[in-house]
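Heads up, the thing below is written out as structure tokens.
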Amino acid sequence: YSSKDLHGIELIDSYVFNQAEYIRFNSTVGKFVGYTEHGVKNAETWNKGSELVQELGELERYCKPHADILYSAVLDKTGEQG
């Protein structure tokens, strides 16, 4: 995210095998996207199932509540005043 008000907060969840990303969830896109043949098949399946609902919930469940804590920790290390 790029502002303290969490307006642009974005969740990206990448799945990597053998140093190659094969599938990614991006909350801005709102779905899984596959980058390999196997990843495309998984993305199609996951976008139709409970995996998508679970991943969409992570932004509200985990990211937003923890963003203030993480934002403060970064500012403390850069010496900026918030």
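What the table shows:
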read-out: Computed label-point distance, nm, for sites residue 58 and residue 37 using a 7 Å Cα→Cβ extension; value: 2.7
read-out: For the stretch 51-61, Karplus couplings with θ = phi - 60° (6.51, -1.76, 1.60), whole Hz, Gly/Pro x; value: 4, 5, 4, 5, 5, 4, x, 5, 4, 6, 6
read-out: The stretch 12-76, dipole about Cα centre (Lys/Arg Cβ +1, Asp/Glu Cβ -1), debye to the nearest 20; value: 180
read-out: Gain in span if fully extended, residue 17 to residue 68, counting 0.36 nm per residue against the direct Cα distance; value: 15.2 nm
read-out: Anisotropy class of the stretch 12-76 from Cα gyration tensor, a/c 1.5 cut; value: oblate
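Bear in mind that the values in this text are calculations on the coordinates, not laboratory data. Fair warning: this is a prediction, and the values are worked out from it, not measured in the lab. No Cβ is skipped: glycine too gets one built from the backbone with ideal geometry, and neighbour counts run over all protein chains shown.
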